[in-house]
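See below for the structure under consideration.
The values are calculated or read from the model by the stated rules, or taken from the named source; none is laboratory data. The structure presented is a predicted model; accordingly, all values stated were derived computationally and were not measured. Ideal geometry is used to build each Cβ from the backbone, glycine not excepted, and the neighbour counts take in all protein chains shown. For accessibility, only protein heavy atoms count, side chains too; no ligands or nucleic acids. Shrake-Rupley method; radii C 1.70, N 1.55, O 1.52, S 1.80 Å.
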Amino acid sequence: GTSRLESLASISRDCKEREMFITQRHVDHLQWVHALDLYVIGASEFEGQLDPEQCRFGKWLYSRETHDNERDSELKRLLANIESPHRNLHVSAARVVQFQKSGDALAARRQFLDATLPALRQTTDLLQ
């Protein structure tokens with residue numbers, strides 16, 4: 001059988017992998033919001049994912065594997081707390097894109113500043 005040391009090493013490795021994954025998803029969302037900001041100022045098109053269940057973090061968040069692992073109390077707390085701000089982040093971005101496409105750059109900017117950035121802060125604070 002596996003020794004206690006091997007079990008602890010496995011748990012430690014799993015924690016490190018999850019920590020790296022969460023850090024990568026944090027960076028993904030910072031880059032995503034930067035791309036949205038560039039879109040709002042007219043510097044580029046926005047090709048980011050607007051569906052909160054389809055970004056890499058969302059796919060993980062809503063996966064059966066993630067929810068089957070809810071024995072982990074820290075993970076359970078993260079799942080409970082992050083779903084709403086993460087969804088709000090993507091919903092606010094969809095509104096930004098709608099305003100921008102309709103030619104209302106001022107409303108797009110206001111939506112970005114008043115809704116997207118606060119949702120980003122809430123989401124990334126939970127990812128740290």
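Residues in the stretch 19-28: is at least one within 22 Å of A119 (Cα to Cα), of a type in the set (V, I, T), open to solvent by 40 Å² or more (accessible area, probe 1.4 Å) and at pLDDT below 95? Yes, the stretch 19-28 contains a residue that is within 22 Å of A119 (Cα to Cα), of a type in the set (V, I, T), open to solvent by 40 Å² or more (accessible area, probe 1.4 Å) and at pLDDT below 95.
Residues that are modelled with pLDDT of 90 or more and either more than 11 Å from the chain's Cα centre (by Cα) or not in a helix (DSSP H, G or I) (or both) do occur in the stretch 73-84. When you look at Q31, is it outside any helix (DSSP H, G or I) and either closer than 21 Å to Q128 by Cβ or modelled with pLDDT of 90 or more (or both), yes or no? When the stated conditions are applied, Q31 does not pass them. On the given criteria, is L38 assigned to a helix (DSSP H, G or I) and either in contact with a Gly (Cβ under 7 Å, 6 or more places away or on another chain) or surrounded by fewer than 12 Cβ atoms within 10 Å (Cβ to Cβ) (or both)? Judged against the criteria, L38 is not a match.
Of all residues in the stretch 1-18, exactly one satisfies the criterion of being of a type in the set (A, V, I, L, M) and open to solvent by less than 60 Å² (accessible area, probe 1.4 Å), namely A9. A single entry from A94, A108 fulfils the requirement of being hydrophobic (A, V, I, L, M, F, W, C) and surrounded by 18 or more Cβ atoms within 10 Å (Cβ to Cβ): A108.
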